[in-house]
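Q: Here it is, the structure, as structure tokens.
The values are calculated or read from the model by the stated rules, or taken from the named source; none is laboratory data. Treat the numbers as computed from the prediction; the structure is a model and nothing was measured. Using ideal geometry, Cβ is built from the backbone for each residue, glycine included, and neighbour counts are taken over all protein chains shown.
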Ligand code: SF4
Ligand code: SF4
């Protein structure tokens, strides 16, 4: 069924079908172990039924003719570009069907959220000739060998071991995983946290970028078509091949045509990086920070807030071609505290970080789908109600202080209020979290995970997240309606502040959708 958002989006982008996305025509994405995928969202784990065996498992990972993953240890870049998997995705989209690899986008749209499909298609429709691209597509879904946008994950070398991450993406996680995994009792948690054959399945290794010379030859041949290079986990800023690639692009004279995009923890930012950035057309740096103070240190372990703040200021003083946004990974551990984070950010009065219209002048968010025990849907209803009440109160504050989001812009209140990434986004997050209740199934996993990670890292969840501490006392017989003492105290605090928790108000957005 076409909803209003899809209709408006099609009118703006001239997309040939309701299910179309431009990415499979311009883009390929890699995993740190060398697997290739339609895009990073296509293969985000925990996308629900799309990871069923019925669809061959590992949905969104490109497959070769024998059904095995197209991995850069055993294949190359260009033969995957037009393999049967990619051709099928394109054909299905042109026919108005929903490829299994992309169900996460469609589900997010159904929950009222701006999906990656919507914004990426809108972005690329302004930069390529969409009609020409469609005309060049054969009936089988084959297209010319021109990659405009590559998402590169050059192995898993990382200097953090974030609580929602794993050894699949971070080398620093390995020692903790070795301690954690054998001790896990909950079967489902054990399955979630598995790291089959240390990531070396179907020829995958985290060193693929060091050994596949054909990949680099083909990539350099694509540089004249390239408009965007995107680097994400491990941590590109400490991966040597990332620097080699940038230097090679500069040497070949294409840097001024190419936009660089990063999701980075920003722990190490050497001068060499900024010198290279100066040569590129534009740099979009998405700084991965998830909360403030010791909460961020707990989530983005073992970062230190003082250093994080220092890097905020370093990034705020970068060259004019560098755009900086905060990429906040929304999960069970931080959704309640997001208003505090946004408020902190607004109070810093940064010169360039997330200036309007980026994130409506606040911060940018994306959901953590995996691991499922940290997905926002794991939270029991009473905690979601607390969160909703806090957001409502914060939105009232934002409406009074909206000018803090605007910098020097003279955009109107109405423009700010209607921005997709502003209040609408905050409300969309609540709708998403309330659209499913996984607490009965997943809270035991959450509790075991947090307790064991605290033991391994010598952290203290109860101290760091006092408002969430009662979650650790949840018992399965409490079910979804558990109403702990702390719950009442929070409600009273909110009411003391003049806020009245009203169930109808809380679920207003959900009902409208
Ligand atoms: S529809 Fe979504 S998941 Fe599929 S390619 Fe586009 S952005 Fe990626
Ligand atoms: S910075 Fe990224 S790759 Fe590194 S541990 Fe955190 S989430 Fe994982």
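Q: Condition (residue is assigned to a loop (DSSP other than H, G, I, E, B) and within 14 Å of ligand 1 (Cβ to nearest atom)) applied to segment 119-133: is it met by at least one residue?
A: From segment 119-133, those assigned to a loop (DSSP other than H, G, I, E, B) are 126-129; that's our starting set.
If we keep only those that are within 14 Å of ligand 1 (Cβ to nearest atom) as well, we get none.
Among the residues of segment 119-133, not one is assigned to a loop (DSSP other than H, G, I, E, B) and within 14 Å of ligand 1 (Cβ to nearest atom), which makes the answer no.
Q: Mind listing whichever residues of segment 99-118 are under 20 Å from residue 422 (Cα atoms), at pLDDT 85 or above and over 16 Å from the mean Cα position of the chain (by Cα)?
A: Quick first cut of segment 99-118, residues under 20 Å from residue 422 (Cα atoms) only: 105, 108-118.
Now narrow it down to the ones that are at pLDDT 85 or above: 105, 109-110, 115-118.
The answer is 110, and nothing else.
Q: Let me ask you something else. Write out, first by first residue and then by second, each pair whose Cβ atoms fall under 6 Å of each other, whose residues are 6+ apart or on separate chains, and whose first residue, in segment 116-128, is within 11 Å of residue 41 (Cβ to Cβ) while the second is within 16 Å of ligand 2 (Cβ to nearest atom).
A: Listed by first residue and then by second, the contacts come to 116/41.
Q: Within segment 266-293, can you find the residues that are assigned to a strand (DSSP E or B) and either more than 19 Å from the chain's Cα centre (by Cα) or farther than 15 Å from residue 345 by Cα (or both)?
A: Taking segment 266-293 as the starting set, the residues that turn out to be assigned to a strand (DSSP E or B) are 282-288.
Hits for segment 266-293 are 282, 283, 284, 285.
Q: Which condition number in (1) within 16 Å of ligand 2 (Cβ to nearest atom); (2) in contact with a helix residue (DSSP H, G or I) (Cβ under 9 Å, 6 or more places away or on another chain) is the one that residue 248 fails?
A: (1)
Q: Here's a follow-up. Within segment 134-173, can you find the residues that are modelled with pLDDT under 95 and in a helix (DSSP H, G or I)?
A: 171
Q: Same structure again: Taking segment 1-11 as the search range and keeping residues that are assigned to a loop (DSSP other than H, G, I, E, B) and either touching a residue at least 12 places away in the same chain (Cβ under 8 Å) or crowded, with 24+ Cβ neighbours inside 10 Å (or both), which one is nearest to ligand 2 (Cβ to nearest atom)?
A: Of segment 1-11, the ones assigned to a loop (DSSP other than H, G, I, E, B) are 1-3.
With the extra rule that they be either touching a residue at least 12 places away in the same chain (Cβ under 8 Å) or crowded, with 24+ Cβ neighbours inside 10 Å (or both), the set shrinks to 2-3.
Details: 2: 36, 3: 32 Å.
It comes out as 3.
Q: Any idea which residue in segment 107-118 is nearest to ligand 2 (Cβ to nearest atom), counting only those that are in a helix (DSSP H, G or I) and closer than 15 Å to residue 435 by Cβ?
A: Let us first name the residues in segment 107-118 that are in a helix (DSSP H, G or I), namely 107-110, 116-118.
Now restrict to residues that are closer than 15 Å to residue 435 by Cβ: 107-110.
Working: 107: 23, 108: 20, 109: 25, 110: 27 Å.
Within segment 107-118, the match that is nearest to ligand 2 (Cβ to nearest atom) is 108.
Q: Further, regarding this structure: Is at least one residue of segment 172-194 under 30 Å from residue 244 (Cβ atoms), within 16 Å of ligand 2 (Cβ to nearest atom) and without any contact (Cβ under 8 Å) to a residue 12 or more places away in the chain?
A: For segment 172-194, residues under 30 Å from residue 244 (Cβ atoms), within 16 Å of ligand 2 (Cβ to nearest atom) and without any contact (Cβ under 8 Å) to a residue 12 or more places away in the chain: present.
Q: Now for a separate question. Within segment 294-348, which residues are assigned to a loop (DSSP other than H, G, I, E, B) and without any contact (Cβ under 8 Å) to a residue 12 or more places away in the chain?
A: Of all residues in segment 294-348, those assigned to a loop (DSSP other than H, G, I, E, B) come to 300-304, 317-321, 331-334.
Of everything in segment 294-348, those that are assigned to a loop (DSSP other than H, G, I, E, B) and without any contact (Cβ under 8 Å) to a residue 12 or more places away in the chain turn out to be 304, 320.
Q: Could you please find all residues in segment 273-311 being away from ligand 2 (no atom under 15 Å from the Cβ) and out of contact with any helix residue (DSSP H, G or I) (no Cβ under 7 Å at 6 or more places or on another chain)?
A: Residues satisfying the conditions are 274, 275, 277, 278, 282, 284, 306, 309, 310.
Q: Residue 236: within 13 Å of ligand 2 (Cβ to nearest atom), touching a helix residue (DSSP H, G or I) at 6+ places or on another chain (Cβ under 6 Å) and more than 27 Å from residue 451 (Cα to Cα), yes or no? Before the answer, list the steps.
A: Details: within 13 Å of ligand 2 (Cβ to nearest atom): yes; touching a helix residue (DSSP H, G or I) at 6+ places or on another chain (Cβ under 6 Å): yes; more than 27 Å from residue 451 (Cα to Cα): yes.
Spelling it out, residue 236 is indeed within 13 Å of ligand 2 (Cβ to nearest atom), touching a helix residue (DSSP H, G or I) at 6+ places or on another chain (Cβ under 6 Å) and more than 27 Å from residue 451 (Cα to Cα).
Q: Starting from residues that are within 16 Å of ligand 2 (Cβ to nearest atom) and assigned to a strand (DSSP E or B), keep the ones in segment 12-36 and report whichever is farthest from the chain's Cα centre (by Cα).
A: 35
Q: OK, next. Among the residues of segment 251-273, how many are surrounded by 14 or more Cβ atoms within 10 Å (Cβ to Cβ) and under 12 Å from residue 224 (Cα atoms)? Walk me through how you get there before you give the answer.
A: Of the residues in segment 251-273, the ones surrounded by 14 or more Cβ atoms within 10 Å (Cβ to Cβ) are 254-255, 257-267, 269, 273.
Within this subset, residues satisfying the condition of being under 12 Å from residue 224 (Cα atoms) are 254-255, 257-258.
Result for segment 251-273: 4.
Q: Which of the residues that make up segment 55-106 are more than 16 Å from ligand 1 (Cβ to nearest atom), free of Cβ contacts under 8 Å to residues at least 60 places away in the same chain and over 30 Å from residue 432 (Cβ atoms)?
A: Answer for segment 55-106, where residues must be more than 16 Å from ligand 1 (Cβ to nearest atom), free of Cβ contacts under 8 Å to residues at least 60 places away in the same chain and over 30 Å from residue 432 (Cβ atoms): 64, 65, 66, 67, 75, 79, 84.
Q: Select from segment 140-189 the residues that are out of contact with any helix residue (DSSP H, G or I) (no Cβ under 8 Å at 6 or more places or on another chain) and more than 16 Å from ligand 1 (Cβ to nearest atom) and list them in ascending order.
A: Residues of segment 140-189 that are out of contact with any helix residue (DSSP H, G or I) (no Cβ under 8 Å at 6 or more places or on another chain), as a first pass: 144, 151, 153, 169-175, 177-178, 182, 187.
Residues satisfying the conditions are 144, 169, 170, 171, 172, 173, 174, 175, 177, 178, 182, 187.
Q: Working only within segment 452-471, note down all residues that are in contact with a helix residue (DSSP H, G or I) (Cβ under 8 Å, 6 or more places away or on another chain), surrounded by fewer than 16 Cβ atoms within 10 Å (Cβ to Cβ) and closer than 17 Å to residue 379 by Cβ.
A: Within segment 452-471, 462, 469 meet the criteria.
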